[in-house]
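This report refers to the structure that appears directly beneath it.
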Amino acid sequence: MINRILAAAIALCVSALAQTEPGSVRPMLEADLLTPDVVSFQVRNYLIQKVPALPKPASAEAWTAQSKTMREKFLREVVFHGWPAEWVNGPLKVEDLGLMPSGPGYRMRKLRYEIVPGFYSVGILYEPEKMTGKVPVILNVNGHVGPAGKSVEYKQKRCIHQARHGILNLNLEWISFGELTHKENQHWFGAHLDLAGANDMGLFYLAMRKGLDYLYQHPNADHTRVGVTGLSGGGWQTIVLSSLDERVTLAVPVAGYCAVTARIERAMDTGDVEQNAPDMQLYADYPHLTAMRAPRPTLLVYNAEDNCCFRAPLVKPDIYDAVVPFFKLYGKAASFAWHMNTDPSEHNYQLDNRLAAYRFIGRHFGIAGMDSEEQLGPEIKSYDELIVGIPKDNLTVLGLARKLALRVSRPAIPPEGAAREAWAVKERARLGRVLRYKPVTIARPWKLANTHNKGLETRSYRLDFSNGLSATAVWFRALDARDPAPATIVLNENGKKAAGAVVSDRVNRGEQVLAVDPIFHGDAAPSKPRPSVFTQVISALGERPLALEAAQLIGTVRWFGTQSGARKLRLEASGFRAQVAATIAAALAPELFSDVVIRNGQASLAHIYDAPVEYGQAPDLFCLDLYKEFDLDRLMMLAAPATITIVR
């Protein structure tokens, strides 16, 4: 009888406080408190301040020494970060599958080679018909050419022309194109390598470096005349390989890269994840890489009205004009050249650009007669004729990432007690280092709107943080809630507009609620360009999107704790992205939370590999080394004494 009376009394109390339903709080949650263009502007301003400046060496000797150090650090800390040494330094493995039908003046040979164990690529070697003694060698790399891959016509013409003029050259396939076309080879899956602890740039670097290794080891290779050239992604490969590997004596990148300032200014110039590899900007931007070419001959080719990216007049000041002084230090200004294409002016390596490359190669390699191209149309092979063949069980980018993720082994968590507490202190510090975590405070909470009716009051905010970025939040409180009322912060991966049911439920329980959209969530997310454009650049500049989100959550909790009078706050997160951000916030600052409730979450970050979660769906989750060092169970342990509950 007493139990029934108590239950009835509790029910009456709850009903007395129940002033809302999801529909009644939705208008406040759906109101835009921050527009996407403002978010984009803020993020761009935040990033542009972190762009590394070009050094100003006093002499050629000084730059030679400095660039040597930069090269070593870039390879060690960026390109080969997390890659097994035996994969990086292992012997070259190439299968020569023999000659194929060729044309007059050259021979074509099919090759298959190993990038890393289980992952093979292919190429076509073009040999001068009469090859004696030492001859120049050129690596021809591919860009984003679609299914055609290495068979694309303008690349075949380039390779034939080079071979007919005595150049031994290799036409490489590129990951995700031609024979390596596969959904799981899309370059965005490189982010899954990052998460498992291997910098995604490493795979693409090894794929091209192995091609260079083959040419360099060829008995007829003249080591004083070694070139690389390619369009678009091939232009990117050209500058990366030729700046980091001093065996390359000549480089002709075509419409392949720009400075990070251009990537921040224009979404069309952002590129793929490997072109914005985590931490690369801590060691070198693309102008730095270009300057590291000095004094070796380098021709930059760009298109005036490129319909893909990197329009010549827009990128020239940063990657050519600013680099000329480095070549002048050596008295080699003539070795650094610029060509702007106006016919057809769009993204291309067609005849005008090829002729510019031929003239440059001929001059610096001492080859006469290269500056015109004969009619080569009849000699172009079909895709099928150029098929080399890859193993049926060939790894993919995602497959390799899964393989590395399965190799992850973390030390056991100590049992409860002093050992666990000491472990938590060390692990929390390590988590901060992995995330590059930097705390922020709310510099100004802009009060944008309010309501006060029907038993409910609300206040809407734009929260400006000390680092110049913003979040949005809406505060809810029943008019008859006790003071101070318990406080809950609500986070939904689809934005606060999707949080109506949770907000209504907590208000009806007598709590005050703050529904928050941190950076990259809800109306604190950019839309044009999409978040994945900015998250790449953030990581390249040495920061982590997840850390920005966690820092905003922690800063918001500290502020709301003061505003609400609550000593500890409850946090409720819905969705996988929100789960990870909330769990990390609780792991970094457990003293702020009473408990954390996760709805529609996952048991492990391994879900990213199993699903798989694609980069564009959750770009903030792909944090270099995160899965290698931590999984959700360890993060939940770090949140103690706060409890984290996953509600299925």
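Summary of values
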quantity: Kirkwood Rh in Å, taken over the chain so that all alpha-carbon pairs contribute; calculated: 27.0
quantity: Equivalent-ellipsoid semi-axes of region 248-404, from the Cα gyration tensor, Å, largest first; calculated: 27, 25, 17
quantity: D (Stokes-Einstein, µm²/s), Kirkwood Cα radius, region 313-406, 1.567 mPa s at 4 °C; calculated: 72
quantity: Solvent-accessible surface (1.4 angstrom probe) belonging to residue 232, in square angstrom, nearest 10; calculated: 10
quantity: For region 348-398 versus region 533-592, the gap between their alpha-carbon centres in whole angstrom; calculated: 50
quantity: With DNA, RNA and ligands ignored, accessible area of residue 32 (1.4 Å probe; Å², nearest 10); calculated: 120
quantity: At 1.306 mPa s and 10 °C, Stokes D of region 460-595 from Kirkwood alpha-carbon radius, µm² per second; calculated: 105
quantity: Residue-normalised accessible area of the chain, given per residue in Å² at a 1.4 Å probe; calculated: 38
quantity: Estimated distance in nm for a label pair at residue 77 and residue 453, the labels positioned 7 Å out from Cα along Cα-to-Cβ; calculated: 5.8
quantity: Spatially proximal lysines relative to residue 73 (Cα-Cα < 21 Å; intrachain offsets below 8 disregarded); calculated: 50, 56, 210
quantity: Accessible surface, 1.4 Å probe, highest first, among residues 335, 382; calculated: 382, 335
quantity: Compactness of region 309-351 - radius of gyration and Dmax, Cα, Å; calculated: 12.5, 35
quantity: Bins of 5 Å from zero: percent of alpha-carbon pairs in region 171-250; calculated: 3, 13, 23, 23, 17, 12, 6, 3, 0
quantity: Antiparallel %, DSSP beta bridges [both residues in region 461-613], to 5; calculated: 35
quantity: Percent accessible area from carbon and sulfur atoms, the chain, protein chains only, probe 1.4 Å; calculated: 54
quantity: With all protein chains modelled, accessible area of residue 172 [1.4 Å, Å²]; calculated: 10
quantity: Trypsin sites (Lys or Arg not before Pro) lying in DSSP loop within region 71-105, provided at most 10 other Cβ fall within 10 Å; calculated: none
quantity: Cα centroid separation - region 30-84 against region 295-329, whole Å; calculated: 18
quantity: Over region 529-570: Rg over Rh, Cα atoms, Kirkwood Rh; calculated: 1.20
quantity: Shape box of region 29-170 [Cα atoms, principal axes, largest first, Å]; calculated: 68, 51, 33
quantity: Flagged links, alpha-carbon separation over 28 Å, of 403/497; 447/528; 150/183; 134/392; calculated: 403/497; 134/392
quantity: Modelled FRET efficiency - R0 45 Å, residue 359 with residue 32, Cβ distances, 0.05 increments; calculated: 0.25
quantity: Filter on 157/381; 110/381; 157/316; 157/332 - keep pairs with C-alpha separation over 21 Å; calculated: 157/316; 157/332
quantity: Computed E for residue 220/residue 409 - FRET, C-beta separation, R0 56 angstrom, nearest 0.05; calculated: 0.75
quantity: Kirkwood-type radius of region 58-123, with distances r between different C-alpha atoms, in Å; calculated: 15.5
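The values are calculated or read from the model by the stated rules, or taken from the named source; none is laboratory data. All of these numbers come straight from a predicted model, not from anything done at the bench. Every residue, glycine among them, receives a Cβ derived from its backbone with ideal geometry; neighbour counts consider all protein chains shown. Side chains are part of the model used for accessible areas, which takes the heavy atoms of the whole protein and leaves out ligands, DNA and RNA. Shrake-Rupley method; radii C 1.70, N 1.55, O 1.52, S 1.80 Å.
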